[in-house]
Amino acid sequence: MTTRPPLPFTKMHGLGNDFVVFDATRAPLALSEDQLRFVGDRRFGIGADQILVVERPQGPDADFRYRIFNGATGEEVEHCGNGARCFMRFVREQGLTDRDEVRVETMNNRIVLRMQADGRVTVDMNQPILELERVPFDPSGLQPRLENGAELWPLANPAAPQEQVEVAVVSMGNPHAVQRVDDVDTAPVAQVGPWVESHPRFPRKVNAGFLQVVARDRVRLRVFERGAGETLACGTGACAAVVAGIRLGWLDARVDVETRGGELTIEWDGPGSSVRMTGPAVTVFQGEVVLPAASC
Ligand SMILES: N[C@H](CCC[C@H](N)C(=O)O)C(=O)O
């Protein structure tokens, strides 16, 4: 029986949104969806919301490439904000760079990561994507309600059309549907999150955010993530929620976001400017894993 060599990995988290990180800068790493699901599995594997793979860049104006896979499905996704902060800590701790700032290619963009003196990481998350067809979101036949000139779209549960929510639609490279709630602690995240996540008007599915506005510079947020379920924090979800809140007239340009895993700071100066996210990144342990043979 052939024994596959053990694969080194690092377990990390950003506010409890946890990751298994593989270094593929020295040798290519191609994992099948079932191997990725094994790594993400909290019983039969290591356990992680997402799996992050660090690669050398493909283009000239980046230092690294960043690939992200949802742990429950093994599907590759466009972005992961908490993972980006862990990416910066990883490349520093692994000696892959000694710089305080690195440029990183993602599936559909490029982000800049900066290690702060206090150990937190600031990520330039680029401009939010608001063109509905780029999210993608299908608004055909819907009439949005406007607040402060920004749209809130009615979304009905396909299985129970009398159940409706209103969502703001924003992409940070990955799709987000944000709804305002009075209290995140009592919000029906487990009931509403799944049907928003797989709603047919989001052809690539969507991350479902539940936003409670505490003040114009402070919110509380829970996110039922696409391909992961509810996580303790969602970085791109925090960015999308603050962008939506600013556009709808609820929030100022700098917002502290309370998640179940801790606090992030999100800043956005409005259209034409990048969203900036600052928060912690933690290395928990390192290990080795022998992956099952790829079956698909
Ligand atoms: N579930 C997300 C990917 C991870 C995003 C989240 N963990 C973050 O910190 O941004 C998606 O399918 O778009």
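Scan the stretch 16-28 for residues that are in a loop (DSSP other than H, G, I, E, B), away from the ligand (no atom under 16 Å from the Cβ) and surrounded by 15 or more Cβ atoms within 10 Å (Cβ to Cβ) and the total you get is 1.
A residue that is hydrophobic (A, V, I, L, M, F, W, C), within 16 Å of the ligand (Cβ to nearest atom), part of a strand (DSSP E or B) and on the phi < 0 side of the Ramachandran plot cannot be found anywhere in the stretch 150-161. Among the criteria (1) open to solvent by less than 70 Å² (accessible area, probe 1.4 Å); (2) assigned to a loop (DSSP other than H, G, I, E, B); (3) farther than 19 Å from E225 by Cβ, the one A117 does not fulfil is (1). When the criteria are applied in full, R37 meets the requirement of being basic (K, R), open to solvent by 50 Å² or more (accessible area, probe 1.4 Å), under 15 Å from P292 (Cβ atoms) and in contact with a Ser or Thr (Cβ under 8 Å, 6 or more places away or on another chain).
If only one of V223, V213 is outside the structural domain of F87 (by TED's automatic domain parsing), among the β-branched types (V, I, T), under 12 Å from the mean Cα position of the chain (by Cα) and in a strand (DSSP E or B), which one is it? Exactly one of V223, V213 is outside the structural domain of F87 (by TED's automatic domain parsing), among the β-branched types (V, I, T), under 12 Å from the mean Cα position of the chain (by Cα) and in a strand (DSSP E or B), namely V223.
If I filter the stretch 40-83 down to residues being touching a Phe, Trp or Tyr at 6+ places or on another chain (Cβ under 7 Å) and of a type in the set (G, A, S), which single residue comes out as most open to solvent (accessible area, probe 1.4 Å)? Of everything passing the filter in the stretch 40-83, G45 is most open to solvent (accessible area, probe 1.4 Å). Which of the residues belonging to the stretch 202-218 are more than 21 Å from E76 (Cβ to Cβ) and within 16 Å of the ligand (Cβ to nearest atom)? Hits for the stretch 202-218 are G209, F210, L211. For V102, state whether it is more than 16 Å from the ligand (Cβ to nearest atom) and within 25 Å of E263 (Cα to Cα). So V102 passes the test. Looking across the stretch 250-264, the residues that are under 18 Å from V282 (Cβ atoms) and among the aliphatic types (A, V, I, L, M) come down to V257, L264.
Could you tell me which of the residues Q58, Q35 is outside the structural domain of P136 (by TED's automatic domain parsing), more than 15 Å from the ligand (Cβ to nearest atom) and not in a loop (DSSP other than H, G, I, E, B)? Among Q58, Q35, only Q35 is outside the structural domain of P136 (by TED's automatic domain parsing), more than 15 Å from the ligand (Cβ to nearest atom) and not in a loop (DSSP other than H, G, I, E, B). The set of residues in the stretch 149-184 being surrounded by 11 or more Cβ atoms within 10 Å (Cβ to Cβ) and more than 28 Å from V123 (Cα to Cα) consists of W153, P154, L155, A156, N157, P158, E163, V165, E166.
Every listed requirement among (1) in a loop (DSSP other than H, G, I, E, B); (2) acidic (D, E); (3) more than 20 Å from E258 (Cα to Cα); (4) free of Cβ contacts under 8 Å to residues at least 40 places away in the same chain is met by D138 save one, (4).
The values are calculated or read from the model by the stated rules, or taken from the named source; none is laboratory data. What you see is a predicted model; the values in this text were computed from it and never measured. Here Cβ is always computed from backbone atoms with ideal geometry, including for glycine, and neighbour counts include all displayed protein chains. Keep in mind that these areas ignore ligands, DNA and RNA; they rest on the heavy atoms of the full protein, side chains included. Shrake-Rupley method; radii C 1.70, N 1.55, O 1.52, S 1.80 Å.
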